[in-house]
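Structure first, commentary second.
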Amino acid sequence: MSPNALVVRGAREHNLRDISLEIPRERLVVVTGLSGSGKSSLAFDTIYAEGQRRYIESLSAYARQFLGLMEKPDVDSIEGLSPAISIEQKTVSRNPRSTVGTVTEIYDYLRLLYARVGTPYCPRCDLPIRRQPATQIVKQLLKMEEGTRIQVLAPLVRGRKGQFRDVFDRARREGFVRALVDGRVYDLREIPRLSRYENHDIGIIVDRLVVRGEDRVRLSDSVETALRAADGVVQILERRGGRDISHLFSEHYACADCGTSFPELEPRVFSFNSPHGACAECGGLGTTKEVVGALLVGGPSLSILEGAILPWGEPGGHLRGSVIPGLAKAYEFDPREPWQDLPADARDALLHGSGTMKIRFPYNAGKMKGHYEDYWEGVVANIERRYRETSSEHVRSQLDQYMSSQPCAECGGARLGPFGRAVRIGGQPISAVVERPIGEILAFMGSLPVTGEELPAGVEAAPGEPLPGEVAGPILREVRERLGFLRNVGLDYLTLSRSAATLSGGESQRIRLATQIGSRLVGVLYILDEPSIGLHQRDNHRLLGTLKDLRDLGNSVLVVEHDEDTIREADFVVDLGPGAG
């Protein structure tokens, strides 16, 4: 046996007729032949199956009990077999949470990038949020033109109703003298009575000074005093052109304008599979189930008693004896009339509820008869509530027929909570980036300015400050490389947000191929099933380049293929036929 060959002797799996052959290692090998000639039987059911069986046998007895036993293929012997990985044409995942981004792990790198170098914006005010210690605030103020007059304030109340006597009393006790109240300066001993029902802005004046380099210590003391008094927020009024320009700074991740607190930026904030990052409304799916009114009515010519409302069927029991008579009397309709002839307000109430109107429902429980008053929730709300509350998959599947998936009204389909959607790089939140085709994401990532790196000629920089090279550089290189692999296998039209369950078999196979290239494994036997299916000629050449890259890493690549270009580019061809096996 040659040490550089995979040797198969006496293969009889399925329709193979006791064939023996040598396949060179670390080469691009194509297995071709007529349909039914045994290509897949040789590549997958013999070579790959034996590789998997040997791998499982190498595991401990404890591990093998979870994987089950694999039958030995009908073959005399296989020698020179490397660890085998099969890349077949099948959907990557049926999980609605799996996307192109998560399957390829590109989204994991994007989450890390946004957590480390993203700029958070207030979800309410759309203003950038920066955590700045006192030293950094002072440093920024000293960049103002020398001689600029400023006031240092501790903003204690912003846009809130009340009289705030306790705020003024505490400020006086702490030794402050003046306050800025609704744009006017007052002595703290002469504050007018504020209207309880109007919004007010109150800031305690800590210091008034002129910006000079030699006053750094005084400025620093004033800023720190304001930060302590206002729980980490300081307001600077800069006198410019006869008017005051306000600057707000915060030493916390909090909006200096409205006070909205921002969580620490961590990768989990951008994970729709984590409760810390997922949209609370849709749970990170990007869609919600909503009842479709048109699916509730079986036929306009049917009456309610004949089953016009499909979830009710032909109503009996409580529906027939209480609900329908009560609604019929309240909205003055005959339940024996066809649905299409009922008054519009009656049809609307049946489906969507009685709103604020209470309905008088009759009841008859043996000797107990009478009426009770209650609101009617409507068929739509009833189904949505039951769907939300039930833990039974059977009930869910029954209710599913009356519902359809709609983009989540809260997150707009972005899957993330408000904070994950509010962090930007180059002016783009992560949810907008993953909605772009892979080719566009590559261009966007290439346009991000990074300190210590120059953009390629002709590339316009994305908006925003340069990203710190020591942090962003390695992450960006990994993202660009993996995106490049997807482009090279002809998938640059996909978006990273595309659900993995909607991919074709060929797309799924090429995604797995791109992922394997990114893993940089060496000494592996890769077995692929017709990867060129559905590819444009231009993309086919890229695919061939990718297969050669796998080979050049030191791997063996075995491809079941009919495509002529692939066969011509192969280092070695196994042609089965003309008959079976």
## Note on the structure
Residue pairs qualifying under the 6 Å Cβ cut-off, at least six apart or on distinct chains, with the first in region 238-257 being exposed (fewer than 15 other Cβ atoms within 10 Å of the Cβ) and the second being not aliphatic (A, V, I, L, M), are R239/R149; I245/E238
### Message
For the condition buried (at least 21 other Cβ atoms within 10 Å of the Cβ) and outside any strand (DSSP E or B), what is the one hit in A443, A432, A409, A414?
### Response
A414
### Task
Could you tell me which residue of region 96-139 is farthest from S250 (Cα to Cα), considering only residues that are without any contact (Cβ under 8 Å) to a residue 12 or more places away in the chain and part of a helix (DSSP H, G or I)?
K139
### Task
Any chance you could count how many residues in region 286-302 are surrounded by fewer than 17 Cβ atoms within 10 Å (Cβ to Cβ) and without any contact (Cβ under 8 Å) to a residue 60 or more places away in the chain?
5
### Query
Taking into account only those residues within region 303-325 that are assigned to a helix (DSSP H, G or I) and touching a residue at least 40 places away in the same chain (Cβ under 8 Å), which is nearest to A381 (Cα to Cα)?
V323
### Check on E393, over 24 Å from Y493 (Cα atoms), within 30 Å of the chain's Cα centre (by Cα) and crowded, with 16+ Cβ neighbours inside 10 Å
no
### Criterion (surrounded by 12 or more Cβ atoms within 10 Å (Cβ to Cβ), farther than 30 Å from L467 by Cα and at pLDDT below 90) met by exactly one of G326, G366, G317
G326
### Query
From E146, E190, E198, E214, which residue is modelled with pLDDT under 85 and in the same structural domain as A229 (by TED's automatic domain parsing)?
E214
### Summary
Within region 190-244, residues polar (S, T, N, Q) and either within 41 Å of the chain's Cα centre (by Cα) or assigned to a helix (DSSP H, G or I) (or both) come out as N199, S220, S222, T225, Q235
### Message
Restricting to region 277-298, count the residues that are touching a helix residue (DSSP H, G or I) at 6+ places or on another chain (Cβ under 7 Å) and under 19 Å from E105 (Cα atoms).
### Response
1
### Query
Among the helices (runs of 4 or more DSSP H) confined wholly to region 1-73, which include 1 or more residues that are free of Cβ contacts under 8 Å to residues at least 40 places away in the same chain and under 42 Å from the mean Cα position of the chain (by Cα)?
49-57, 61-67
### Task
State which residue is surrounded by the fewest Cβ atoms within 10 Å (Cβ to Cβ) when the search covers only region 483-500 and only residues that are more than 15 Å from the chain's Cα centre (by Cα) and hydrophobic (A, V, I, L, M, F, W, C).
L494
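The values are calculated or read from the model by the stated rules, or taken from the named source; none is laboratory data. Keep in mind that this is a model prediction, so the values were computed, not measured. Every residue, glycine as well, gets a Cβ built from its backbone with ideal geometry; the counts of neighbours run over all protein chains shown.
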